[in-house]
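FYI, it's all coordinate maths here, none of it is from the lab. Just so we're clear, the structure is a prediction, and the values are computed from it rather than from any experiment. Using ideal geometry, Cβ is built from the backbone for each residue, glycine included, and neighbour counts are taken over all protein chains shown.
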Amino acid sequence: MGFEDFDYTVYQNQGTQKKLTLKGKRMVMANKKLGVFEISALKILNLKDVEVTFYQDNKPVSTVRAEKALVEIPRNTNTNNMSLSALQKIDFLEGGVVITGDKRILAADRLELDSKDNLLFAQGNCVLRYDGRSVRAHKITTDVALRDFSVEEGKSGRRTEKLFQIF
């Protein structure tokens with residue numbers, strides 16, 4: 001078992017604008033199934049040293065870095081030619097996750113990407129830093145450009161507020 005480079009770009013508007021790039025190292029199995037595990041209607045790609053960059057108007061707006069990610073795609077998807085709709089979900093795991101964009105930094109234990117709604121869900125020891133200020137929370141939800149945020153302070157989810165009103 002080893003790893004090989006994995007590099008994929010998703011475009012929108014008939015291929016004229018970048019939506020995101022996904023880079024990492026994909027697990028290579030002895031039987032030549034390239035880090036793909038099939039579970040019911042899904043395939044799960046196992047990646048390490050992952051970097052995802054999100055774009056708006058062909059300009060990068062944020063980047064996620066993590067030691068490991070699991071990428072869910074429909075079972076019949078060719079992993080060498082995916083579309084944005086094929087990316088069901090990306091779970092960034094292990095060693096913490098760091099998201100940077102627009103002079104903001106969000107760090108968390110775990111992060112999930114909902115590609116359909118362009119939302120990031122950070123969970124566990126979340127710290128958001130911006131302009132010399134910090135906010136700590138159990139959960140933070142944000143758009144991929146790191147502009148709008150909502151925060152849950154405790155595991156019970158008792159208090160939620162919109163951070164973009166604070167910053």
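At-a-glance table
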| item | result |
| --- | --- |
| Theoretical FRET efficiency, 1/(1+(r/R0)^6), r = Cβ-Cβ of Arg133 and Thr16, R0 30 Å, to 0.05 | 0.20 |
| Additional length obtainable on full extension of the chain from Asp114 to Lys59, 0.36 nm per residue less Cα span | 17.8 nm |
| Virtual spin-label span in nm between Asp148 and Phe3, 7 Å along Cα→Cβ | 3.5 nm |
